[in-house]
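Step one of this worksheet: look at the structure below.
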Amino acid sequence: MPRAIISPSVLASDFGQLTAECKRMIKGGAEWLHMDVMDGHFVPNITMGAPILTCVKKGIPDIFMDCHMMVAQPEKWVDDIAAAGGALYCFHLEATSDPLALINSIHAKGMKAGVAISPDTPSTAILDDVGKAADMLLVMTVYPGRGGQKFLERCVPKVAELRARFPDKDIEVDGGVGPKTIGVCADAGSNVIVAGTAIFGAENPEDVITTLKDAVNTAQARIANKQ
Ligand code: DX5
Ligand code: ZN
């Protein structure tokens, strides 16, 4: 199974100090930063776009920006996010009619491609060829649109279903994930963990990052022992 990666969601950070907040997370053990891009169409809120990501990349040239594109026309932003230094472009399956073509265009720009599904989208909507072409699959455990929502445990079986079909892919969970909810996600086979409130709201974010990473590693060891 792919290794544990913690991706703090900057949605819960102080946006006025975004670069410093990202640096603080990297110092605390985060390998990726989860950048929530919202356009006011796919979801009601608006957060940030390529110009802001460009500034963060300038301040932290080796940052891995895991861009969660909660946008209505994901095809439209591939070039801009690539130019801004995005490392991974994760679009919503619900927002496109041609996910394979989109994955190809993301790869052509040198980024990894992710496919996200909202709580009401079944994991089987990610067809085998799409899942194989993608680098990462994102199972939302809240409705996309804002941070600090309650974890929806009913989404977790989708992680297990995807892990069974795609043993080598990164599988990310996002929404309401923290020390209390990581167990079920890790047991189901998720290895990329997004957490906003749980990390940024903590007194010691590095402790939470370590706890989440340890939980994934422990679950992976347990799963490997059973096999
Ligand atoms: C929700 C976003 C999440 C959000 C997670 O639309 O995609 O990344 O920031 O925040 P928490 O961890 O607070 O639920
Ligand atoms: Zn997100």
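The values are calculated or read from the model by the stated rules, or taken from the named source; none is laboratory data. Keep in mind the model is a prediction, meaning the values are calculated, not measured. With ideal geometry, Cβ positions are generated from the backbone for all residues, glycine too; neighbour counts draw on all protein chains shown. In case anyone asks, the SASA skips ligands and DNA or RNA and just uses the protein heavy atoms, side chains included. Shrake-Rupley method; radii C 1.70, N 1.55, O 1.52, S 1.80 Å.
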So the carbon and sulfur contribution to the accessible area of the chain, 1.4 Å probe, in percent, is 53 percent
If the chain between LYS180 and GLN73 were fully extended at 0.36 nm per residue, the gain over the current Cα-Cα distance would be 35.1 nm
For the chain, the charge dipole (Cβ of Lys, Arg +1; Cβ of Asp, Glu -1; about the Cα centre) points to a positive end, and the Cα of ALA160, PHE15, GLY131 closest to that extreme belongs to ALA160
Built amide H within the under 5 Å cut-off of HIS92, gap 5+
VAL71, ALA116
Under Karplus coefficients 6.51, -1.76 and 1.60, residue-wise ³J(HN,Hα) of the range 7-17 in Hz, glycine/proline x
10, x, 7, 6, 4, 8, 8, 7, 4, x, 10
Cβ crowding within 10 Å averaged over residues, with 121-130, 203-212 ranked highest first:
203-212, 121-130
Give the cross-link partners of LYS58 among the lysines, using a straight C-alpha distance below 24 Å as the criterion and excluding same-chain residues fewer than 8 apart.
LYS23, LYS27, LYS76, LYS109, LYS112
Loop sites in the range 156-222: trypsin sites (Lys or Arg not before Pro), DSSP, at most 15 other Cβ within 10 Å:
LYS180
Most mobile listed residue (GLY183, GLY131, GLY16) in the chain, GNM with C-alpha springs under 10 Å
GLY16
Might you report the magnitude of the Cβ-based charge dipole of the chain about its Cα centre, with Lys and Arg at +1 and Asp and Glu at -1, to the nearest 20 debye?
360 debye
For every helix of n ≥ 4 consecutive DSSP H residues, a contribution of -39,500 (n - 2.57) applies; sum these over the chain, divide by its total residues, and give [θ] at 222 nm rounded to the nearest 500 deg cm²/dmol.
-11000 deg cm²/dmol
Cα-projected label distance for ASP62 with ASN45, points at 7 Å along beta-carbon direction, nm
3.1 nm
Mean shadow area of the range 5-226, taken as a quarter of the surface of its Cα convex hull (nm²):
10.9 nm²
Calculate the FRET efficiency for TYR143 and ASP80 from the Cβ-Cβ distance with a Förster distance of 22 Å, rounded to the nearest 0.05.
0.30
The range 5-226, accessible area per residue, ligands and nucleic acids excluded (1.4 Å, Å²)
42 Å²
Amide H contacts under 5 Å for ILE171, restricted to residues at least 5 apart in sequence or on another chain and with H modeled in the peptide plane, are LEU137, ASN191, VAL192
Each residue of the range 195-212 in turn: what ³J(HN,Hα) in whole Hz from Karplus with 6.51, -1.76, 1.60 and θ = phi - 60°, glycine and Pro shown as x?
8, x, 3, 4, 8, 5, x, 8, 5, 10, x, 5, 5, 5, 4, 5, 4, 5
If one builds a Gaussian network model of the chain from Cα atoms under 10 Å apart, the most fluctuating residue listed among GLY28, GLY175, GLY85 is GLY28
Where is the GNM fluctuation largest for the chain (alpha-carbon springs, 10 angstrom cutoff): PRO179, PRO51, PRO144?
PRO51
Positive dipole terminus of the chain, leading residue within PRO122, CYS55, GLY183 (C-beta point charges):
GLY183
